[in-house]
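Working notes, structure below.
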Amino acid sequence: MYRIAVLPGDGIGVEIVPQAVKALKAVAARYGHQFEFAEALVGGAACDAAGHPLPDETLALCKRSDAILLGAIGGPKWDQLPVELRPEIGALLPLRKELALFANLRPCILFPGLLHASTLKEEVIKGVDILVIRELTGGLYFGEKKREETGDGGQKATDILTYSTYEIERIVRFAYRAAQQRRGRLCSVDKANVLESSRLWREVVSELAGEYPDVETTHMYVDNCAMQLIRNPRQFDVIVTENMFGDILTDEASMLTGSIGMLPSASIGGEVGLYEPAHGSAPDIAGQNQANPLATILSAAMMLRYSFGLAREAEAVEAAVCSVLEEGYRTPDLVQAGRDDAAIKVTDTVTMGDLVAERIAAQA
Ligand code: NAD
């Protein structure tokens, strides 16, 4: 029996998470597992109900669970709260820190059915399969932040970017092991021409490279990487990078897969893994049953694989997503005007979730 903490959060989080729960229930029924789901508030919803974006009960539930399924948090309603109560800073970052989730895995895979769904040319994205490994508990997002008056009526704002050898070594080793199980190529992304933290990052990677002779190591500046992802994404196998660079590059890389609604993530490293789509709460489409639930469903597949060791079941979820897309079903974010044919069936969040669950149940 596996205990899963379910934190839908805000915006489209409350619409997409139930679709992933449906997929997990279909897996449980089809493969004879028992999943126990316990739901809790997080983010803006928790601020409204309990006065804090990460209530003690929610954190306690997460800690006693085997894995966490999160939707998304934040939105304009909570943007004006004091900084420590803002959903992202008050809930997401402490959750990652408390649970020691230092490794964030974001697989950017183009499902064959979505070759025409991206804004990018088919010949550029065909066969894209990149694993971005983002350091998740260090760097700028966790550094000291402060504001000072400058005396001239203005202010000075500071965010400190720190990385230690230990933090870099631990994520880079993780990335090397992942590269060994894939196509054996690791690209470390930094800004070593400007940032001291990046110079340390590059030194550590260069030192570790000798321990992994079976992996080809390259270094790339983050600005170049942003360009190369669009120019020739198939050159990449595993990318390892620091927290903020990984955050930004993966939003960009999501477009290689057709939509940000296709990019799942796993945050691991501690005892409990956290699984969530790479996107945010999408306030612009919240409450409309239009959001793409596939990133969340694919995050649930990652939970099966990484937290429960259920590789066959994870593949069953991924195969179900693949077949629904090949049958032509699309949420609106996956429809490119003028690029899709008449076989496309535009569908909504709930129907997409139902279709995936049905395909899981029907698997031989
Ligand atoms: P966003 O990812 O929420 O949305 C960016 C764009 O992508 C929007 O146009 C949105 O409609 C679209 N989009 C995102 N997910 C989609 C999906 N599943 N299906 C279809 N379209 C989708 O980013 P944003 O607008 O910059 O941020 C909105 C809020 O989410 C902010 O409060 C932000 O801080 C928060 N946020 C939270 C997380 C998280 O919970 N992990 C991550 C990023 C942003």
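The values are calculated or read from the model by the stated rules, or taken from the named source; none is laboratory data. Here the structure is a predicted model, which is why all the values come from computation and not from measurement. Cβ coordinates were reconstructed from backbone atoms using ideal geometry, including for glycine residues, and neighbour counts include every protein chain displayed. All accessible areas refer to the heavy atoms of the entire protein, side chains included, with ligands and DNA or RNA removed. Shrake-Rupley method; radii C 1.70, N 1.55, O 1.52, S 1.80 Å.
Determine whether the stretch 290-303 contains at least one residue that is surrounded by fewer than 16 Cβ atoms within 10 Å (Cβ to Cβ) and touching a residue at least 60 places away in the same chain (Cβ under 8 Å).
no
Check whether at least one residue in the stretch 323-331 is over 16 Å from the mean Cα position of the chain (by Cα), near the ligand (Cβ under 8 Å from one of its atoms) and buried (at least 16 other Cβ atoms within 10 Å of the Cβ), and report yes or no.
yes
Could we say that LEU81 is open to solvent by less than 30 Å² (accessible area, probe 1.4 Å), out of contact with any Gly (no Cβ under 6 Å at 6 or more places or on another chain) and either within 17 Å of PRO283 (Cβ to Cβ) or within 16 Å of the ligand (Cβ to nearest atom) (or both) here?
Considered against the rule, which asks whether it is open to solvent by less than 30 Å² (accessible area, probe 1.4 Å), out of contact with any Gly (no Cβ under 6 Å at 6 or more places or on another chain) and either within 17 Å of PRO283 (Cβ to Cβ) or within 16 Å of the ligand (Cβ to nearest atom) (or both), LEU81 comes out as no.
Would you check if LEU310 is assigned by TED's automatic domain parsing to the domain that holds ASP66, touching a residue at least 60 places away in the same chain (Cβ under 8 Å), under 23 Å from ILE268 (Cβ atoms) and over 17 Å from the mean Cα position of the chain (by Cα)?
Judged against the criteria, LEU310 is a match.
Given (1) open to solvent by less than 30 Å² (accessible area, probe 1.4 Å); (2) outside any helix (DSSP H, G or I); (3) near the ligand (Cβ under 8 Å from one of its atoms); (4) of a type in the set (Gly, Ala, Ser), where does GLY280 come up short, assuming only one miss?
With (1) open to solvent by less than 30 Å² (accessible area, probe 1.4 Å); (2) outside any helix (DSSP H, G or I); (3) near the ligand (Cβ under 8 Å from one of its atoms); (4) of a type in the set (Gly, Ala, Ser) applied to GLY280, the lone miss is (1).
If a residue counts only when it is closer than 19 Å to ILE16 by Cβ, which helices (runs of 4 or more DSSP H) contained entirely in the stretch 32-103 have at least 3 such residues?
In the stretch 32-103, the matching helices (runs of 4 or more DSSP H) lie at 44-50.
What strands (runs of 3 or more DSSP E) lie completely within the stretch 106-173 and have 3 or more residues being aliphatic (A, V, I, L, M)?
Of the strands (runs of 3 or more DSSP E) lying wholly inside the stretch 106-173, those with at least 3 residues that are aliphatic (A, V, I, L, M) span 129-135.
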